[in-house]
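K.L.:
My questions all concern the structure below.
Nothing in this text is a laboratory measurement; each read-out follows from the coordinates by a stated rule. Since the structure is predicted, the reported quantities are computational estimates derived from the model, not experimental observations. As a convention, Cβ positions derive from the backbone with ideal geometry for all residues, glycine included, and neighbour counts pool all protein chains shown.
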Amino acid sequence: MDCQITNSIEIRRQRSPSPSDTTDSFSDGDSPSPVGNHTENKSSCSDNDEGDNDFFEGPEKTLEVIFHRDYGDIEGLRKLSRWQIDTICRKAKCTVLTKTSNKYLDAYVLSESSLFVYSHKLVMKTCGTTTLLRCLSTILHYADKMRMELLWVGYSRKNLTYPGAQLWPHSSFGDEIQYISSHEKLQSRLNGTGHILGPVTGDHWFLYVADHFSKYHEDLTFHDGLPHVTREACNSPCNSLTASGDKTINLMMFDMDPEVSNLFYKSNGLSGKEMTMKSGINSLCPGAVIDETAFEPCGYSMNAILHDSYSTIHITPQKDFSYVSFETNAHMDNYSPLVRNTLTIFRPRRFVLTMFLHGDSISGMKQNSLPTDKANIQLPMIGRFNRVSVTSTKLGSDLTCVMACYTFQECTAALKSSSCEATMSEKVKPTFQGNDDGSVFNFGHVKRERGHSIC
């Protein structure tokens with residue numbers, strides 16, 4: 001497989017910044033500083049939050065930026081130097097730990113979550129008290145230097161436990177919107193809209209979207225001679241101009257079974273790879289190259305890449321505020337088996353599921369195959385999750401956003417029915433679908449050993 005993994009020791013052996021790197025202008029007023037000698041991974045076992053001094057804010061902030069494929073260098077964002085990547089991370093207050101690459105993307109495990117860089121798309125997730133929005137202007141600045149054309153910016157996060165402990169501008173969604181709208185290099189360029197999905201009295205999801213896709217659709221319709229843009233390019237399913245078929249699913253899970261969360265402590269003597277195998281995480285992304293990091297004294301992060309898809313998991317295992325997230329943009333006709341397998345591995349008490357679905361991706365799925373369509377999700381001999389809320393909205397160029405919240409009900413005698421037992425025997429092998437190069441992959445259903453419910 002054409003893939004490389006660079007570990008944290010190798011990744012520190014980088015060149016000094018060149019003059020061209022140090023003379024970039026930075027919109028927030030701070031200039032780049034030399035890359036430090038940081039060699040320790042940040043633990044997810046502490047943070048300077050209000051309340052419990054040991055508390056760590058697990059739920060991630062997520063930023064996705066998409067550019068037009070027909071403008072700029074064909075390698076696009078993958079031509080960013082290590083110095084530029086470090087600068088982007090420094091603005092968000094995190095550092096690179098490891099890097100994995102294949103012909104489609106570069107995947108970075110960060111001290112606080114992950115960064116995925118495609119030629120014309122960047123996805124960055126950060127947890128804790130990071131300042132993710134403060135790197136956006138730097139990303140756009142670098143893209144401008146490569147003559148790239150912005151198509152879409154999406155920023156999202158769940159409501160936080162201790163929002164007052166966040167650094168500016170992340171203490172409230174209002175502050176985040178104000179930061180964008182008052183930023184001299186962002187306000188006129190983005191012109192996006194803010195949305196809240198879910199009950200404001202419970203778990204909910206903040207979303208900001210700046211959608212410029214329609215600008216190029218109009219140009220294609222009325223100006224056939226537009227340079228570098230063709231109808232064929234627009235109709236290509238791989239072109240970021242339409243993002244046709246793009247789907248991203250994210251599970252944010254809370255209060256893991258202690259038997260599971262205890263696996264992710266260094267005191268157990270397990271390496272990151274051993275945590276991956278013993279927990280069963282590897283079964284969620286068969287065939288993928290997995291790059292994992294175990295933190296000291298506890299915590300775990302993982303990126304997995306397979307062709308043009310990524311999967312990522314981040315775990316905060318402390319008993320009083322355990323949290324695990326799983327996100328993937330893998331293409332599937334039915335996500336329900338993957339959701340059940342993920343819940344069977346981590347056995348949380350509640351979870352929030354969010355999905356982004358672009359273009360024709362919904363119509364291409366099997367009927368009732370959206371996991372949020374189900375009022376409950378059965379885990380054989382463990383229990384079931386009951387949906388307590390579901391919200392969806394449609395934005396801009398055929399973008400649908402869905403959020404659903406579920407709570408756990410332990411398995412009782414009534415649930416241990418014949419139908420429950422029948423589901424236990426279900427086993428579907430992972431299958432490849434799509435082009436000959438395997439660029440579309442269906443994880444299928446992977447049978448898991450039965451776990452214990454929480455008492």
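K.L.:
Cβ neighbours within 10 Å, averaged per peptide: list 254-266, 124-136 in order, most packed at the top.
P.N.:
Highest to lowest by the protection proxy: 124-136, 254-266.
K.L.:
Charges at C-beta only: +1 for Lys and Arg, -1 for Asp and Glu. How large is the resulting dipole of region 247-426 about its Cα centre, in Debye rounded to 20?
P.N.:
400
K.L.:
To continue, here is another question. Using a Förster radius of 35 Å, what is the FRET efficiency between His195 and Arg147 based on their Cβ-Cβ separation? Nearest 0.05, please.
P.N.:
0.65
K.L.:
With labels modelled as points extended 7 Å from the Cα through the Cβ direction, what inter-label distance (nm, one decimal) is found for Asp54 paired with Ser392?
P.N.:
4.2
K.L.:
To the nearest 0.05, how large is the calculated FRET efficiency for Asp373 and Gln187 if R₀ is 30 Å and r is the Cβ-Cβ distance?
P.N.:
Efficiency, rounded to the nearest 0.05: 0.20.
K.L.:
Right, something else. Label points 7 Å out from Cα along the Cβ direction at Ile74 and Lys319: separation in nm?
P.N.:
It is 5.8 nm.
K.L.:
Report the label-to-label distance for Asp175 and Met277 in nanometres (one decimal), using points 7 Å from each Cα along the Cα→Cβ vector.
P.N.:
Result: 4.5 nm between the two label points.
K.L.:
Add +1 for every Lys or Arg and -1 for every Asp or Glu among the other residues with Cβ under 12 Å from the Cβ of Glu75, and state the total.
P.N.:
Net local charge, Glu75 excluded: +2.
K.L.:
Also: Given R₀ = 41 Å, FRET efficiency for Gln409-Arg82 by Cβ-Cβ distance, to 0.05?
P.N.:
Computed FRET efficiency for Gln409 and Arg82 comes out at 0.25.
K.L.:
Give the average over all directions of the projected area of the C-alpha convex hull of region 65-147, one decimal, in nm².
P.N.:
Quarter of the Cα hull surface area: 4.8 nm².
K.L.:
For region 48-235, I need the span (max minus min coordinate) of the C-alpha atoms along each principal axis, in Å, sorted largest to smallest.
P.N.:
60, 36, 28
K.L.:
Please compute the net charge surrounding Tyr406, taking Lys and Arg as +1 and Asp and Glu as -1 over other residues with Cβ under 11 Å from its Cβ.
P.N.:
Every neighbour counted, the sum reads +4.
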